Amino acid sequence: MFSALQDNLEGIDDFDSELAKEIIGNGKICGRELMRFLKNRARFELRHDRPHFFLVTSDGRKPGEISEYVAEQGFHVGNFADSMIHHSSFFTTSGNTYLIGIRFGDEFTESERTNENIRKKAGYRGWLTPPAETGYLSRVKISDEILKKMGIGRLIMMHDPIPDSEEIPSLFALTSTGAGKWLGARCGRPGAGWKSTDGFGFLVPQVGL
């Protein structure tokens, strides 16, 4: 079965191919998930040559260990993001693999590009709210080069908002500035708006696609 699945990888861009190989390498159950992934990818291909799926796996780190770990991987953790990691509603797991799908800001008009509407449109696909831990897991996996290949300047993880140190409901964001590469925080209020160059990360169900 896996050789047949490998044959279906031809023509998929490099980033998606790596994802597919990663799924294949995890065994038979994940092999079935690959078929669902390929079906999902074909159905929701919105831009040519622009990857919009990736996998992250939870590592069981405690909140008090995360900021230091992210820094060790070469990324800065903003003060607001750090306060979210230490909030009582933030929790981590171990060994859970999440398939993340990206909605792109340029799929929406400026007036449509709000948290509320983006979540609604992702829901039409059956995409779900990701766990908040995917914020830091995505930051250490997704390089600036991959963000550029996606055609976005920053990636907003669309988990349930977590209050930051100023009690603003916030979302983890993968960003880059002249001061470096960051795990930051951005406003998660329903009406908050975004740029056309932003991307938005959701949890893609790995069953029933």
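Where a number appears in this text, it was derived from the coordinates with a stated rule and is not lab data. Computed from a prediction, not measured in an experiment: that's the story for all the values here. Positions of Cβ are generated from backbone atoms using ideal geometry, with glycine treated the same way; all protein chains shown enter the neighbour counts.
Determine, from the Cβ-Cβ distance of residue 189 and residue 97 and an R0 of 35 Å, the FRET efficiency 1/(1 + (r/R0)^6), rounded to the nearest 0.05.
It comes out at approximately 0.70.
Past the 25 Å Cα-Cα mark, which pairs from 62/121; 120/141; 62/141; 120/181; 120/195? Show your work: numbers first, answer last.
Numbers: 62/121 33 Å; 120/141 27 Å; 62/141 18 Å; 120/181 29 Å; 120/195 17 Å.
62/121; 120/141; 120/181, as the Cα separations exceed 25 Å there.
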**Request:** Please say if the stretch 70-209 is rounded, prolate or oblate, where rounded means a/c under 1.5 for a ≥ b ≥ c the square roots of the C-alpha gyration tensor eigenvalues, and otherwise the choice is prolate for a/b larger than b/c and oblate otherwise?
**Result:** rounded
**Request:** At most 13 other Cβ atoms within 10 Å and a DSSP loop assignment: could you name the chymotrypsin sites (Phe, Trp or Tyr not before Pro) in the stretch 93-148 that fit?
**Result:** none
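Which FRET efficiency, nearest 0.05, do residue 89 and residue 117 yield, Cβ-Cβ r, R0 22 Å?
Details: r = 24 Å, r/R0 = 1.10.
After rounding, the FRET efficiency stands at 0.35.
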